[in-house]
1. Looking at region 373-385, can you tell me whether even one residue there is touching a residue at least 40 places away in the same chain (Cβ under 8 Å), closer than 30 Å to Ala349 by Cβ and in contact with a strand residue (DSSP E or B) (Cβ under 8 Å, 6 or more places away or on another chain)?
2. Cβ-Cβ distance below 7 Å, separation of 6 or more or different chains: which pairs start in region 297-309 with a residue that is closer than 17 Å to Ala587 by Cα and open to solvent by 10 Å² or more (accessible area, probe 1.4 Å) and end on one that is in a loop (DSSP other than H, G, I, E, B) and not aromatic (Phe, Trp, Tyr)?
3. Taking the residues in region 541-570 that are part of a helix (DSSP H, G or I), at pLDDT 95 or above and open to solvent by 20 Å² or more (accessible area, probe 1.4 Å) as candidates, determine which candidate is farthest from Glu382 (Cα to Cα).
4. Glu268 versus (1) surrounded by 18 or more Cβ atoms within 10 Å (Cβ to Cβ); (2) over 22 Å from Phe601 (Cα atoms): which is the lone unmet condition?
5. Could you list, ordered by first residue, the pairs with Cβ atoms under 8 Å in which the first is in region 491-509 and open to solvent by less than 20 Å² (accessible area, probe 1.4 Å) and the second is at pLDDT below 95 and of a type in the set (Lys, Arg), at least 6 apart or interchain?
6. Checking Trp426 against (1) within 22 Å of His626 (Cα to Cα); (2) at pLDDT 95 or above, which single condition isn't satisfied?
Amino acid sequence: MKPILLASAAAIAISGFVTLLPATAQTAAQPTAQNPLLADWTGPYAGVPPFGSVRPDMFPPAFEAAIAERRAEIAAIVNNRAAPTFANTIEPYERAGERLGRVLAVFGVMTSNMTTPEYQRIEREWSPRLSAASDEIVLNPQFFQRVKAVYDNRQSLNAEQQRVVTRLYESMVRRGANLNPEQKQQLTNYNQQLATLFAQFSEKVLADESTHIAVTEADLAGVPADVKAAAAAAARERGLPAGQYAIINTRSAVDPVLTFADNRDLRERVWRAFVNRGDNGGANDTNATIREIVRLRAERARLLGFDNHAEWRMQDTMAGTPERAQELMMRVWPAAVARVNEEVAEQQAMARSLGHNITIEPWDYRYYMEKIRKQRFNLSQEEIKPYFELNNMTQAMFYMAGQLYGLQFRDITGQVPTWHPDVKVWHVTNQAGEDVGVFYQDNFARTGKRSGAWATTYRSRSGLLDNEIVLGSNNNNFAKPEAGQPALLSVDDAETLFHEFGHAIHYFLSDVEYPSLGGTPRDFVEYPSQVHENWLLTPEILTRFARHYQTGEPMPQALVDRIQQASTFNQGFATVEYLSSALVDMAMHTRPEGVTDPDAFERETLERLGMPRELVMRHRLPQFNHLFSSDAYSAGYYSYLWSETMDADTWAAFEEAGNVWDPATAQRFARTLLSNGNVIDRAEAYRQFRGRDPDVAALLRKRGFPTNGAAQQPPRRAGERG
């Protein structure tokens, strides 16, 4: 599962995920000579961000000026003496905050991809101030009364305008617009405290992820040459003595060691360091931070009239309630645990056959499953990686976008500013050669870059704003090879590449009038990304682009066949690792009183669920950035599974067409689900595409689990709320 950042600033503002507001292409002029952050974006493609020209000290004055400008834009709406209408209230709001949106877009890159102590200090200082500036609008009674007046008379509007004002009105109510002044002040205090704690949590986790374990070449017996080369480069970067290697405490560095290292003691050391990020009792321990975040969330939910944080967060989702999300997760959980038990038994037998007198522990799981993969399918990740070279796989995903949607990509690296020399840039056009967007690709891990993989946009398409050219990025954390050497990907890395690119396809195809309808619910947003993972292992992609990095020869058909045969291998591990994280997230955020001891709560919840002892959550609470670096995925990590239900059923639609590249199915998919944002209810949009609700059995079949009649109970809702 791959974490992302939502696109569409306007949609995020409506949903309350972060503090951005809608952007427009036109605002009042401001003095900009000394600060490029306050200037309109210039250059080709209707202007691009000045990534190469900014410094940390530029952001505080830019924030001040941009917030003041947005405040004036809202004041102009409030002070309009004319009766409130969609044209004089809602449309100006949709346009408000363009300059602040631009500043925040660049700041997000600096703090996620290139952070330094100075950027962290600014984030700590400004996160609560940005939160307060957002609350200032949402809790403004005069502005709310104008919105309410338009909402009360919405029957005079067209359907799309009704949806815009309804979502805005309901969002403001959800976020406290009807509270009394004392309650509003308390809410603002909660939000500012949370913003500060989110920044602290991210900073602590990043500090633990910046640590390393120094090892020798002898320690790395069994580890592939490209992994050792990356560890050697990391050691040189950190000034370690010659002959030493550095295993950085990030997933991209840790997973290969856990998969291939013959040294069991090393595997345990690496595993313990990784799973205990944020849980070491020192300055970077996050347990107290989590406890305070969960307490504040619970108190905020009560203030807003909800039983718990999950109930509040899920108002604007497809699932609608914690119970519906829990229902789906628990349909899958028993089958996944049963499969893990089977996998562990197989590992134990493999260990015995190798003369290893051990009991399988979490640091053994990947190692012995890789040996079973080799034995059962005559297949290993090391046999596959020479064919999954990063540049070839990038061309493969571009081919997918071209075949399905007519998108074309031209390398323009060096022609527009970027934030790091590793960043590649592509000009995106459609079949008619018309501009679609600019795609930034930041693939490699580095010091100061947060872990995981994510996608984001810096400018989204909107008819109202006259924005036609989309600016967006994919951000990965692949191990960077030594100079002159290829970057070879595992299957999981390649799936991550295609996953994040699915988000890019979504935002490049999105074409809405009103920016607030450009975003989608949290449990829909992962759906387009997960669907596009399916094309990675199709014969067309493998035969055209999976070419050996040394010989250029295509992947042999026999190897293609073995990859297909192993498609559901290790799904017990993958499902339980993810789903345990989602279940703990939901359990934590449905507690009205919060949690006093996060470690104990995690342990007790997993025991109650029957979590197999041989593996851990993909994201333990002390390092769970999805939950505690913002509100975004809190009570929402289930979203990947909800989206995967639609993903599996959508892939079945392509298969039923007799050709997974079927143009008619791709066009229908793009028209009904990818291009129209949140203009209509997403559940209804899915029914327009498929003719029915998603079939849960498709998800179970995809993972190789028994269906047991699951097709009779798809997750469905009468309609999305808000």
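The values are calculated or read from the model by the stated rules, or taken from the named source; none is laboratory data. Being a predicted model, the structure only gives us computed values, none of them experimental. Heads up, the Cβs are rebuilt from the backbone with ideal geometry, glycines too, and the neighbour counts pull from every protein chain shown. These area figures cover heavy atoms from the full protein model, side chains too; ligands, DNA and RNA do not enter into them. Shrake-Rupley method; radii C 1.70, N 1.55, O 1.52, S 1.80 Å.
1. The first filter runs over region 373-385 and keeps only residues touching a residue at least 40 places away in the same chain (Cβ under 8 Å), leaving 373, 376-379, 381-385.
After this cut, where a residue has to be closer than 30 Å to Ala349 by Cβ as well, the list is 373, 376-379, 381-385.
Now drop any that are not in contact with a strand residue (DSSP E or B) (Cβ under 8 Å, 6 or more places away or on another chain), which leaves 385.
Yes: region 373-385 contains one or more residues that are touching a residue at least 40 places away in the same chain (Cβ under 8 Å), closer than 30 Å to Ala349 by Cβ and in contact with a strand residue (DSSP E or B) (Cβ under 8 Å, 6 or more places away or on another chain).
2. If the second residue must be in a loop (DSSP other than H, G, I, E, B) and not aromatic (Phe, Trp, Tyr), the pairs left are Asp307/Pro592; Asn308/Thr590; Asn308/Arg591; Asn308/Pro592.
3. If we take residues in region 541-570 being part of a helix (DSSP H, G or I), at pLDDT 95 or above and open to solvent by 20 Å² or more (accessible area, probe 1.4 Å), then Arg544 is farthest from Glu382 (Cα to Cα).
4. All conditions pass for Glu268, except number (1).
5. Listed pairs, sorted by first residue: Thr496/Lys2; His499/Lys2; Glu500/Lys2.
6. (1)
Residue by residue, here is whether (1) assigned to a helix (DSSP H, G or I); (2) at pLDDT 95 or above; (3) of a type in the set (Lys, Arg) holds:
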position	(1), (2), (3)
Ala246	no, yes, no
Thr259	yes, yes, no
Glu268	yes, yes, no
Arg277	no, yes, yes
Gly281	no, no, no
Ala288	yes, yes, no
Arg291	yes, yes, yes
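Yes/no per residue for (1) more than 17 Å from Leu304 (Cα to Cα); (2) surrounded by fewer than 20 Cβ atoms within 10 Å (Cβ to Cβ); (3) in contact (Cβ under 8 Å) with a residue 24 or more places away in the chain:
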position	(1), (2), (3)
Asp135	no, no, yes
Ser156	yes, yes, no
Val165	yes, no, yes
Gln200	yes, no, yes
Ala207	yes, yes, yes
